[in-house]
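Please read the structure below before turning to the comments.
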Amino acid sequence: GKDARALGELLSGARAAPSLTKLDLSENAVPETQQGEGPDEEGAGQQLRRLGGHAKLEELLLQDNHWGPAAAGPLASLLFSPAKGPFLPNLQVLNLCNCGLLDEGCLALAPALARALNLRDLDLSSNGP
């Protein structure tokens with residue numbers, strides 16, 4: 001995996017590729033808290049926000065990133081924003097396997113998933129404690 005800074009740069013660079021249809025960011029470094037005591041869920045959310053606006057993105061593979069339940073809010077807003085509609089309108093495949101979302105994160109994603117009309121393949125496995 002990449003370190004957290006490199007991952008952030010990669011996400012910013014991916015936004016500059018408007019014809020990108022598949023993005024695999026599985027098994028990447030997750031920002032850690034300043035105390036080094038595990039994942040910084042807020043930092044992960046900031047990274048995820050950098051993905052917004054990819055109109056042609058069809059596949060987003062984020063498995064094994066261990067972001068935690070706080071990342072569900074930014075993930076949900078990638079799928080649908082009440083004010084702006086879908087940020088990834090063509091997304092068909094979303095893999096969030098083993099991201100540490102727990103029940104809380106999966107429940108927070110549910111309303112946005114219901115509005116992701118083109119989504120046909122969703123993997124939320126292994127998100128328990």
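Where a number appears in this text, it was derived from the coordinates with a stated rule and is not lab data. It should be emphasised that the depicted structure is a prediction, and the values quoted were computed from it without experimental measurement. As a convention, Cβ positions derive from the backbone with ideal geometry for all residues, glycine included, and neighbour counts pool all protein chains shown.
Classify region 52-118 as rounded, prolate or oblate, taking a ≥ b ≥ c as the square roots of the eigenvalues of its Cα gyration tensor: rounded when a/c is under 1.5, otherwise prolate if a/b is larger than b/c and oblate if not. In terms of gyration-tensor shape, oblate.
Please go through region 71-129 and write out the trypsin sites (Lys or Arg not before Pro) that DSSP classes as loop and that have at most 16 other C-beta atoms within 10 Å. Listed in order of number, the matching sites are K84, R120. Taking Lys and Arg as +1 and Asp and Glu as -1, the other residues whose beta-carbon sits under 14 Å from that of A16 total +2. With a simple spin-label model that places each label point 7 Å from the Cα along the Cα-to-Cβ direction, the separation between L117 and E104 comes to 3.4 nm.
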